[in-house]
1. To the nearest 20 debye, what is the magnitude of the charge dipole of the chain about its Cα centre, counting +1 on the Cβ of each Lys and Arg and -1 on the Cβ of each Asp and Glu?
2. From the phi of every residue in the range 104-112, what ³J(HN,Hα) in whole Hz does the Karplus formula 6.51 cos²θ - 1.76 cosθ + 1.60 yield, where θ is phi - 60° and glycine or proline is x?
3. Please identify which residues in the range 381-397 have an amide N closer than 16 Å to a label point set 7 Å out from the Cα of TYR284, following the Cα→Cβ vector.
4. How large are Rg and Dmax for the chain when only the alpha carbon atoms are used, in Å?
5. For ALA392, what residues show an amide H to amide H distance below 5 Å, using hydrogens built from the backbone and excluding near sequence neighbours?
6. With +1 on the Cβ of every Lys and Arg and -1 on the Cβ of every Asp and Glu, and nothing else charged, how large is the dipole of the range 1-122 about its Cα centre, in debye rounded to the nearest 20?
7. Rank LEU362, ILE7, ALA250 by how far each Cα sits towards the positive end of the charge dipole of the chain (+1 on Lys, Arg Cβ; -1 on Asp, Glu Cβ) and give me just the farthest.
8. Per DSSP H run of at least 4 residues, take -39500 (n - 2.57); add these up for the chain, divide by its residues and hand me the 222 nm value, nearest 500 deg cm²/dmol.
Amino acid sequence: MRKVAIIGVGITPFKTRYLDKTYFELAYDAADMALNDAGITHNEIESTVYGIYNELFERQFMPDIFINSYLGLNNKPGTRIASGGATGGYTVRMAYSEIASGLSDLSLCIGVEKCNDCYDELTGTTTPAVLNAIAYSVDMTYEYPMGMMAASSYVTMVNAHYEEYGNPTEEQMALVSVKNHGNAMLNPKAQSPMKLTVEEVMNSRIICHPFKMLDCCLYSEASAALILASEQKVKELKIENPIWIKGIGAANADCFIGNRESISRLYSNIYAAKAAYKMAGLEYDKIKEQIDLAELHDAFSGQEVISYEELGFVPFGKGGKWIEDGGPIMDGELPCNPSGGLIGCGHAVGATGIMSTGEAALQLRGDAGKHQVKTIENGRALAHSIGGPGAAYAAIIVIANEEGLKK
């Protein structure tokens with residue numbers, strides 16, 4: 001396979017709602033930023049991969065083709081990805097495949113979500129309609145009638161993990177919320193920057209025990225885009241700071257949580273991580289010492305704690321202690337979610353994994369602004385996406401700057 005680099009990044013602010021933009025106008029903004037960052041025009045793009053999770057959000061089936069036309073990409077191939085919260089990560093994976101396979105030399109990878117365009121006709125409100133649209137991602141025959149939602153899906157695994165390992169505790173989950181909302185205060189594109197205490201998180205209202213309001217991400221509207229290029233194109237364009245994709249791993253777990261090897265572990269995370277690390281030439285048990293930062297999928301604080309373990313940062317059962325010891329804070333052993341993550345930035349589902357990958361790339365370039373991680377020693381970073389029924393989809397992307405590529 002050919003080497004693939006990220007040469008352009010575009011991320012719009014994450015907001016509750018863009019009243020003045022359609023979803024295709026919002027997608028245009030991120031694409032325009034990424035193209036300008038790469039120093040190319042839309043006419044040079046050879047293929048596009050679209051990350052759009054939910055047609056009901058956009059109130060439009062096949063929304064990708066309307067974005068394709070609005071971006072001036074007619075008569076060129078475009079593919080749409082939809083895999084729940086992992087949509088962004090799988091979209092990056094598909095765009096990587098376009099370049100690595102030789103099908104394209106320049107590919108646009110773009111995700112967008114306008115969830116609050118989805119509203120209930122009877123009440124004129126958005127929240128019930130958004131939650132119902134998300135609920136359609138679970139099994140409609142048995143689970144949906146029982147009231148399965150995103151929070152209850154994730155909390156099942158978190159509670160099972162607590163039963164087996166004694167973590168994460170509610171206090172440990174609150175520390176994740178404090179960290180990610182706090183990191184978001186340095187990110188001008190974040191929707192939910194807040195200076196919090198553990199007590200304030202613990203006292204926020206219960207959503208789905210033990211998840212509190214401040215343990216949960218907000219659904220957002222935003223767009224994010226990357227420009228991916230072949231090694232030859234990087235040379236032709238004289239890109240000074242390419243960020244190379246060293247490893248990509250993905251895995252799909254059983255869609256029914258009860259059918260899995262264990263409810264307390266998300267094996268798709270483990271398999272995806274091991275595949276990405278192997279491709280990147282890294283070691284699962286030593287990954288914490290081999291990368292400089294990680295942008296994790298933290299739709300719920302408890303899931304971030306479990307991800308520390310599943311991605312090999314710490315042994316199983318030690319994730320809660322690691323956050324207590326400050327391991328994943330900005331100046332800790334391995335900063336996790338310096339952008340603020342989903343809890344701090346927001347969760348514009350189709351855009352989220354692309355945002356996470358773009359944020360990691362900006363960190364390795366030294367272009368992350370006020371939330372820049374101070375020490376980049378390895379020249380490598382990790383972006384993580386999970387989603388779907390019971391977080392069945394998982395994607396891990398390992399990236400490196402020029403120095404990290406040589407190691």
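1. 660 debye
2. 9, 9, 9, 10, 9, 10, 9, x, 8
3. 394-397
4. When restricted to the Cα atoms of the chain, Rg and Dmax are 19.5, 59 Å.
5. Long-range HN contacts for ALA392: GLY387.
6. 360 debye
7. Among LEU362, ILE7, ALA250, the one farthest towards the positive end of the dipole of the chain is ILE7.
8. Numbers: 16 runs with 155 residues, N = 407.
That calculation yields -11000 deg cm²/dmol at 222 nm.
Read-outs throughout are calculated quantities, based only on the coordinates presented, and are distinct from any laboratory measurement. Quick caveat: nothing in here was measured; it's all calculated off a predicted structure. All Cβ positions, even for glycine, are placed from backbone atoms using ideal geometry, and neighbour counts span all protein chains on display.
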